[in-house]
1. Charges at C-beta only: +1 for Lys and Arg, -1 for Asp and Glu. How large is the resulting dipole of the chain about its Cα centre, in Debye rounded to 20?
2. How far is it, in nm, from the label point at Arg15 to the one at Ser429 when both lie 7 Å from their Cα along the line to the Cβ?
3. Is the shape of the stretch 468-565 rounded, prolate or oblate, going by the alpha carbon gyration tensor and its root eigenvalues a ≥ b ≥ c, with a/c under 1.5 for rounded and a/b larger than b/c for prolate?
4. Please find the FRET efficiency linking Ser537 to Arg99, where r is the Cβ-Cβ separation and R0 is fixed at 51 Å, and quote it to the nearest 0.05.
5. With Cα extents along the principal axes in Å in mind, check (1) 71, 60, 56; (2) 93, 76, 48; (3) 81, 63, 49 and report the label derived from this structure.
6. Rolling a 1.4 Å sphere over the protein heavy atoms, what is the accessible area per residue of the stretch 1-56, to the nearest Å²?
7. Give me, ordered by chain and number, the residues 5 or more places off Ala74 or on other chains with an amide H under 5 Å from its own placed amide H.
8. Which residues make up the longest stretch of the chain clear of GluC sites (Glu not before Pro) that lie in a DSSP loop with no more than 16 other Cβ atoms within 10 Å, not counting the sites?
Amino acid sequence: MPDLPIYLANPAPFRREREPVSGGVPIPFEEAVTSTDTFALYDDHQQSVPCQFTPLAWWPGKERIKWVLLHFQADVPPESTRTYYLRINPQAPHPQASRRCIAAADPGPNHTWIRVDTGKLKAEFGINQPPALSGTGLQLKTADGLLLPGPAQTLQLDENGPERAVVCIKGQFVDADQNPAGFAYTYRFEFYRGHTFVRLFSTITCTAGGQILKDAAWVVPNPWGEAAVYAGTTDTVPGPEAALSGQEIYVLQDTPDQCVYNSGGTSFIKDQRFQGWIHSPEVSAAVRFFWQMFPKSLEADGGQIRVGLLPEKSRIKDEFPPTSEFSGRYHLAVGESRTHELMLCFHSGDNALDPASLNHIFAGFNQPMIPTAPWQWYAQSGALGDLTARAEAFPEFELLADRSLAMILDRRQSLRLYGDRHFGDDLLSQPDVWNNCEYDYPHVGVLMFLRGSGTGWYHEFALPAARHMLNIDIANAGPTSGMVYPHSAQHNSADPKLGSHAWLQGLLEYHVLSGDYLAREVAENTGRLWCRGILASEELYGTERALTWPLIAMLACYQIFAEPEYLKAAQRLKSRVVSLFNHELGHFEGCMMREHYPPSYWQVFLIGSPVLESLVMYDQMFPDEEVRSVIVAIARRLARINWIEELGVWEYPKPRWAQLSERVHTPKNDRMVSPGVGYAYLYSGDQELWEKAVTAFTNRCDQIDQDGKTMAQSLRFGVRMPALMAKVDAKLTGK
């Protein structure tokens, strides 16, 4: 394998120096890579760069590495892109493999102690010990008083190497009498070689009842009293000026576009979207998505500084536009979480940093660089299915992608879809009914990003959606742990379930790209629950969506974990779907039959459902002639019955009670159906199928969906069509 370019883009007007960066890279099956000991990274001067390589996914058989996470420290000039090079030399293991790991722990799967030494910062954690880092930690305030993190119940090393250690600590909050409360905590600390700052993912999970919170904050002791708040800036010189300073100060963002400043009891309001940090003589701190995930605060009150994650000072707690808001408390349902990404920078004594240096650190925290390979590498790796890198070959689709991202981001802005509970999601047509990222926002965003459709697809769409799903849309505790909330008022007012409204594919793709271990943990929890249910059922029963979304999920889990149980579950689901297809009549029967849509009731779920996509996904992983025959039969029925010749589009059947006088057709359905029909052409050689697939898809590329759900429906299926067109073109031209 030749050296693989790894690009790092720095949009900031200052140099990024020794900045820790992480990014996942797929390794094609044909490379037969079984160990990261043969990996090495070089800069553009062919100098070796210390880099940590962590396998995150495996090809079937769990021997060959499928995704590897690169973590290294980068130097990138201002407003420029620097190229590094990944080299795999199976004949010469790299000496970096023997370097000392940052963390040490007692042997065995259940650690009782973990010690960390970055060379600049030391920390120690123990089972049954308070989980504080240098005296810092979470505090919750309820109507009954203050809750503090109880002793650590679980210690684990999610990742450990010479460049980075990820320490995970879990436990329960306790009251003043040390009684367990209705909240659990999970801390994930990221420590970096040679640095005094720590990246932290702080998670609060409601574990019992409907819990009421008045305040949640990350608290840092500050015995010196003095503190300052700095508004983030990208200026290089001179250093940033403090927006506020003193012993009694705070900055509060409790609407998307207004910020309250208070010093010594005197307040004023700015029309501002604040993104900054709070500073004390020994510790400085910031929280990412400060204004996007309002309410947030940065506070100092003499003896401590506080990063307000759910601040009591906020005039609005939970907001549900446009009909209601709660001003007195935060209400968390059982299983609901709040995960916030913070950075703590320890800088006392010899490690003291000036405000300008701290500003650069926090600017990098809020706008991190992601190392990426050439887009063609992702598309051709085989790790993401059929995909093409952005190119001029199909400009209509590239314009559709650009306009679709602009639509969803404009919609977020115009509808003010921000807030700690809402950021990353989109409303359905009814007020207060939320989409819950239906049709898998992270999947769409990650694929679009990795084919080169723009960094906004990841930073502004996939990442916020993944964080939202992990916090709000999936139950993380209680009797429904692992289940997923369908779209509903206030996100989780309806009962959670598995089956027809659960998306795991995008969370797993986000994980292997970002290295976010919370995403892996939550997706695996849901996947295992699903897998156990599938394998334990005597007869699989459910609607077309309740059978084929699980099929996609089990295949997605197998693509990452390569565990045979997921494959067994996928095979059971596939067999059930195939058994329900009647080739003589040309439609599905049994539980997949929708009788409310005569005379062609069987088609309604094929347009707007994952039936075709799940079967194609299965066949691509495990070629199956029986599966292909079903795909071809479905496509031929669609081409005969659901084709509107005069318009060159697919019809979308509606039930009789809808009383529609015309044949219904929508752009999203043409983009969803066409790829499945295109695959049927590849399997059958039926030219009619290809002509209609291309016609319908091309006819709809200039029509933009107007909300997140329909856009995700369009693009999670439609992104395959340019790759199909390239594949067919290569077949016809012999290239």
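1. 540 debye
2. Here the modelled spin labels are 5.7 nm apart.
3. Working: a/c = 1.65, a/b = 1.01, b/c = 1.63.
Oblate.
4. Approximately 0.55, to the nearest 0.05.
5. Evaluating Cα extents along the principal axes in Å on these atoms matches (3).
6. Per-residue accessible area for the stretch 1-56 comes out at 42 Å².
7. When sequence neighbours closer than 5 places are left aside, the close amide H contacts are Arg18, Glu19, Val21.
8. With GluC sites (Glu not before Pro) excluded where exposed in loops, the chain gives 242-391 as its longest stretch.
The values are calculated or read from the model by the stated rules, or taken from the named source; none is laboratory data. Keep in mind that this is a model prediction, so the values were computed, not measured. Here the Cβ is made from the backbone with ideal geometry for all residues, glycine too, and neighbour counts use every protein chain on show. Just so you know, the surface numbers come from the protein's heavy atoms only, side chains and all, with ligands and any DNA or RNA stripped out. Shrake-Rupley method; radii C 1.70, N 1.55, O 1.52, S 1.80 Å.
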